[in-house]
Amino acid sequence: MPDEPVICSDLAVVGAGAAGLYAALSAASAGASVTLVSATPLAQTASYWAQGGIAAALAVEDSFGRHLIDTEAAGRNLVRRSAAQVLVREAPARVHDLERLGVHFDADRRGVLALGLEGGHSVRRVVHAGGSATGRRVVRQLSALVVDNPNITVLEGARAASAWMHEGRCAGAALEDGRAVRARATILATGGAAALWSRTTNPPGSLGIGMSIAHAAGAALADLEFLQFHPTAVIGIPGREGFLVTEAIRGEGATLHGPDGERFVEELAPRDEVSRAIAALLARTGATSVGLDMRAVDPSLFPNVVSALQDAGLDPTRAPIPVSPASHYMMGGVVTDLHGRSTVGGLYAVGETACTGLHGANRLASNSLSECFVYGARAARAGLDEPAPAPPSTPPSAGASPEPPARATQEALWRDAGIVRTRVGLERLAGDPHPLARLIAACALRREESRGAHQRADFPALVPALDHRHTEIGRIEPLRAVRWA
Ligand SMILES: Cc1cc2nc3c(=O)[nH]c(=O)nc-3n(C[C@H](O)[C@H](O)[C@H](O)COP(=O)(O)OP(=O)(O)OC[C@H]3O[C@@H](n4cnc5c(N)ncnc54)[C@H](O)[C@@H]3O)c2cc1C
């Protein structure tokens, strides 16, 4: 019962974004009992905010191989091929399963899914729901199913503080309010860490909480130097600061223009390239924004983006809107295998919390929602095969939650671990009071090269010897560069 001090179930899932909701539903449909812990209301998940869509090789002219090639090209020789193969092979089945669960994806009159084109994809591959309302539609539907599912107990407004460790294994989760959930497996699905940076597209809760919880429990983290900056976030408009304008809009023909009105970048190049081109132009010209001209795009394709901009006093049907890059997606996270298992027994991570290695140094657009569903289902299955935890003699003490960052830490990350980094800045960040900021600095200092989202002014070249070397950092083990199978 939810009010008891220790709630027992087969699976504990922490976080109710796309990954957590889908993992919970997958386990429940196998007859398992699940306790789902969600700190915030639904609208505060990154999943709810997702505008682009879900990448899956569904088009006749597409193939798993082609999706893999695009994923690997974006990831700059750091993609773990086994993890990306799982993603591309299983994403189409997950899209069909979401349809079975009642998600209505955009389709033509014959029911053929309408596929969008996004940066880095060589073919139309992205399914949408309600145009740019994909995340909202999917999360709403999955949440409704979770609430109605008798196998799932939802603890809304409850916050996990730490992993419940017993005899070297994770036996569940300790909550801030003193309760605990005991389970065969605990799946961390708390989202990413992009809101650690001061200028972000993410909801304020994307603070790497699951990464901090896992690391404190002894799990390895990896690739924290790889934070993707989204090129087109609104800037200078109060109330809409950091609002993301999906690149699906560039896929439909929107163009980027410098202060002189000229185009300066291939708009559908991978995000790291477009972000760097914008940052370089802004540095060169002293401007604070570039213009995103979407006048040639049919506004009815992106109703919620257009209305959000209009609410903020911008009319994208009449004039370019001011945008510049913002921190968007953490490729690094809790090291997991291909079933979401971390390096600590009984502790799993999925979605943006996890680092399977599939995104490499730069995530391909819309691969992250696919990852939430593909790996959410896999982790649920694997978690149910874990042995039942031995009954611990006493429930864990509540423990302190990972600390939120001070504003100064967020500004330091933006300044010192931004689009272009240097040793001096990273060494300064390595002394920051926030533990996760220090780990990010350590990983970024260690990678003495420029690759994908990690650009070092002092090491501008990619070092081929570091291809497929992930920066892994344990709680006690020193930082090391590891090749994953
Ligand atoms: C504006 C925007 C647009 C995007 N568009 C796309 C897109 O079109 N396609 C795509 O593939 N990706 C997109 N992304 C990225 C994608 O949305 C995310 O990577 C993905 O949704 C992450 O899902 P998640 O389930 O891992 O985490 P989230 O959706 O962030 O959910 C995290 C959950 O964890 C909970 N939580 C956090 N801490 C605790 C705690 N201590 N205890 C309990 N609960 C906790 C939160 O309350 C929340 O419920 C976008 C991201 C943003 C910000």
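The values are calculated or read from the model by the stated rules, or taken from the named source; none is laboratory data. Since we're looking at a predicted model, the values are computed, not measured. FYI the Cβ positions are ideal-geometry reconstructions off the backbone, even for glycines, and counts take in every protein chain you see. Ligands, DNA and RNA are stripped out before the accessible areas are found, and what is left, the full protein with its side chains, is counted by its heavy atoms. Shrake-Rupley method; radii C 1.70, N 1.55, O 1.52, S 1.80 Å.
Just a few scattered comments:
- Selection from the range 268-301 of residues that are of a type in the set (A, V, I, L, M), open to solvent by 40 Å² or more (accessible area, probe 1.4 Å) and either touching a residue at least 60 places away in the same chain (Cβ under 8 Å) or assigned to a loop (DSSP other than H, G, I, E, B) (or both): Leu268, Ala296, Leu301
- Residue match in the range 143-163 (condition: on the phi < 0 side of the Ramachandran plot, in contact with a His (Cβ under 9 Å, 6 or more places away or on another chain), more than 14 Å from the ligand (Cβ to nearest atom) and open to solvent by 50 Å² or more (accessible area, probe 1.4 Å)): no
One line per residue, one yes/no per condition, for (1) of a type in the set (Ser, Thr, Tyr); (2) open to solvent by less than 60 Å² (accessible area, probe 1.4 Å); (3) modelled with pLDDT of 95 or more:
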site: Ala400; (1), (2), (3): no, no, no
site: Pro405; (1), (2), (3): no, yes, yes
site: Ala408; (1), (2), (3): no, no, yes
site: Asp416; (1), (2), (3): no, yes, yes
site: Gly425; (1), (2), (3): no, yes, yes
site: Leu445; (1), (2), (3): no, yes, yes
site: Ile473; (1), (2), (3): no, yes, yes
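- Residue count, the range 234-267 (criterion: farther than 19 Å from Gln51 by Cβ and outside any loop (DSSP other than H, G, I, E, B)): 2
- Filtered by the rule that a residue be surrounded by fewer than 24 Cβ atoms within 10 Å (Cβ to Cβ), hydroxyl-bearing (Ser, Thr, Tyr) and near the ligand (Cβ under 10 Å from one of its atoms), the range 29-62 gives Thr40, Tyr48.
- Positions within the range 365-394 being at pLDDT 90 or above, part of a loop (DSSP other than H, G, I, E, B) and open to solvent by 20 Å² or more (accessible area, probe 1.4 Å), in sequence order: Asp385, Glu386, Pro387
- Any hit, the range 81-91, residues being under 24 Å from Leu268 (Cα atoms), at pLDDT 95 or above and open to solvent by 20 Å² or more (accessible area, probe 1.4 Å): yes
- In the set Gly351, Gly345, Gly340, only one residue is more than 11 Å from the ligand (Cβ to nearest atom) and crowded, with 24+ Cβ neighbours inside 10 Å; that residue is Gly340.
- Breaking point among (1) more than 14 Å from the ligand (Cβ to nearest atom); (2) surrounded by 20 or more Cβ atoms within 10 Å (Cβ to Cβ); (3) touching a residue at least 60 places away in the same chain (Cβ under 8 Å); (4) not in a strand (DSSP E or B), for Val306: (3)
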